[in-house]
Amino acid sequence: MRAAIFHEPGKIVVADVPVPRIEPDEILVRVRAASICGTDLRIAKHGHFKLPSGQTRVLGHEVAGEIVEVGPRVVGYRAGDRVSVTPNVGCGHCRHCREGLNNMCPDYEAFGITIDGGFEEYLRVPGFALQRGNVFRLPESVSYAEAALTEPFSCCYRGQRALGVGFEDVVVIIGAGPIGAFHVMLARLAGARKIIVSDHSASRLDIAGHLGADVLVDASRQDLVATVLAETRGRGADVVITAASSPQVQSGAVDLLATHGRVNFFAGLGQGGAVPIDTNKLHYKGLVLTGTTGSSNADYARALELVGQQRVRLGELVSATFPIDRIDEAFEHSASGAGMKAMVVFDDSEEVAP
Ligand SMILES: [Zn+2]
Ligand SMILES: [Zn+2]
C-alpha cells in the first residue's frame, strides 16, 4: 500500500509498505479521506516531543474510512462499516479519563503522533483505541470527508460549549481560516445576535460571510476595536474567540470585550507565547477568560450528530483534494493559506461534499 512516512523534520516520503497485519482485538480501516491540520504542518516542520528522533511515523489525525478487516475478538464492528477515528486515546484510568475528558489526559497516545495515522491506504486501529471509544460509526448522511472534518469541528464545538455562546451574544472571531470558519458555523447555529470576523485574507473573509458572519473586518486596513465598538454602540463584544496563533491577537482580545464578556484563547501559541494581560480590566469589567484544547470523544459524538443532521455543512470547507502521492502539494496548499482544508483522498470517485 502507499503511505506517506514522516522521517524527520522536513522529510515526508511516500513509499510502498506492507498492509498492516492486525491482532485479534484490532480492526483495519481502508482510509477514504484524511484532512490536513495545522498540527500536521507543525510536526512535519518541527517534529513532536512525543516522537523520538529516528522514529518514523505516518501523520494524519482527521480521518475516516471503511472497515475492511475485523479481528476475531472485536465486538460491535463489522467489515463494511463506515467509520471515523478520533486521534487522542486517553490512558483510560487517570482522573480526566474517568470523567470522560480524554482530551485532557496527560498520558495519551495519538494517531498521527504515537500511532500511525491517516495518510496511508490502510490504517490499523489498536485494540485500546477501539475499547476507549475512539472509533465512530458514521450516519448515512455523512461523507468520509465530512467525517474527517468533524474532528477539528468537534474541538470548536467544545470551545463554544465552554463559552456558552447563545442568542444574546455578539461574537467576535479573530482568524477566518478553517477553525474560524467552524466557529462561524457554530455561532450561527447557536443563534448569535451578531458575528464579527476579522482576518487579513479577503478570500477567507468572503467564505466567512457565506457561512453567516454579519460583519467582516479586513485586519490589514481596518481597526478591529473601532469596528467592534461601532457595531455594539460602544458596548463591546460578549464573546471573543481567538482562531489565530498570535500573542498580539490574544492581548488585543481582552480590549474587545463588553462588561461580563467571555474570551476563549482557542488557538495555542506554542513555546514562549506568554502574553501580559491588564488584570484591572478583568476586575472592573467582570471578564471571563478561558481556553480549550482538543475535544473529548463525547464532544466528537455530539459534533458528529450535528453534521449527520446536516445542521452544518463541513464539506464546504474542502478547497482541494489530492491523492496520497501528491501529499506534498496538499501540505503546500494547507500551509499557503490560499484555500481552506486540503484533503487527501484514496479513490478518485470519493465524493467530498454530500
Ligand atoms: Zn487537527
Ligand atoms: Zn488518562
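Annotations for the structure displayed:
- Phi angles across region 168-177 convert, under the Karplus curve 6.51 cos²θ - 1.76 cosθ + 1.60 with θ = phi - 60°, into 3J(HN,Hα) values of 9, 8, 8, 10, 10, 10, 9, x, 10, x Hz, Gly and Pro given as x.
- Magnitude of the charge dipole, the chain, Cβ model with Lys/Arg +1 and Asp/Glu -1, debye to 20: 1020 debye
- Theoretical FRET efficiency, 1/(1+(r/R0)^6), r = Cβ-Cβ of Ser53 and Leu189, R0 45 Å, to 0.05: 0.55
- Projecting label points 7 angstrom from Cα along Cα→Cβ for Lys11 and Glu23 puts them 3.0 nm apart.
- Among Ala181, Ala303, Ala338: highest mean-square fluctuation, GNM of the chain, C-alpha pairs under 10 Å: Ala338
- Protein accessible area in the chain, 1.4 Å probe - carbon and sulfur %: 49 percent
- Helix 297-308 axis, angle to the chain major axis (alpha carbon atoms, nearest 10°): 80 degrees
- About the Cα centre, charge dipole magnitude for region 1-68 (Lys/Arg +1, Asp/Glu -1 at Cβ), debye: 280 debye
- Accessible surface, 1.4 Å probe, highest first, among residues Glu120, Glu66: Glu66, Glu120
- Listed residues Ile36, Ile174, Ile207, most fluctuating in the chain (Gaussian network, C-alpha, under 10 Å): Ile207
- Residues whose amide H falls under 5 Å from that of Lys50, counting only those 5 or more places apart or on a different chain, are absent, with hydrogens built in the peptide plane.
- Projected-area average for region 219-348 over all orientations - Cα convex hull basis, square nanometres: 11.4 nm²
- Ratio of Rg to Rh over region 157-290 (Cα coordinates, Kirkwood Rh, two decimals): 0.93
- Whole-Å distance, taken between Cα centres, linking region 224-260 and region 281-354: 24 Å
- Among Val170, Val275, Val249, residue whose mean-square fluctuation peaks in a GNM of the chain (springs only between Cα atoms under 10 Å): Val275
- With a simple spin-label model that places each label point 7 Å from the Cα along the Cα-to-Cβ direction, the separation between Asp107 and Arg42 comes to 2.4 nm.
- Region 119-128 - phi-based ³J(HN,Hα) in whole Hz, Karplus 6.51/-1.76/1.60, Gly and Pro as x: 8, 7, 6, 10, 10, 8, 9, x, x, 5
- Per residue, the chain exposes an accessible area of 44 Å² to a 1.4 Å probe, with every protein chain left in place.
- Distance from the alpha carbon centroid of region 112-183 to that of region 1-23 works out to 24 angstrom.
- Taking the C-alpha atoms of region 99-194, convex hull volume expressed per residue in Å³: 150 Å³
- Net +/- balance of residues flanking Phe182 in space, Cβ distance below 15 Å, scoring K and R +1, D and E -1: +2
- Furthest towards positive pole of dipole, Tyr77, His260, Gly164, structure part the chain, Cβ charges: His260
- Segment Gln222-Glu305, length gained on full extension (0.36 nm per residue, minus Cα span): 26.1 nm
The values are calculated or read from the model by the stated rules, or taken from the named source; none is laboratory data. This one's a predicted model, so the numbers in the text were calculated from it and none came from an experiment. When we count neighbours, we look across all protein chains shown, and the Cβ atoms used for this are built from the backbone with ideal geometry, even at glycine. Ligands, DNA and RNA are stripped out before the accessible areas are found, and what is left, the full protein with its side chains, is counted by its heavy atoms. Shrake-Rupley method; radii C 1.70, N 1.55, O 1.52, S 1.80 Å.
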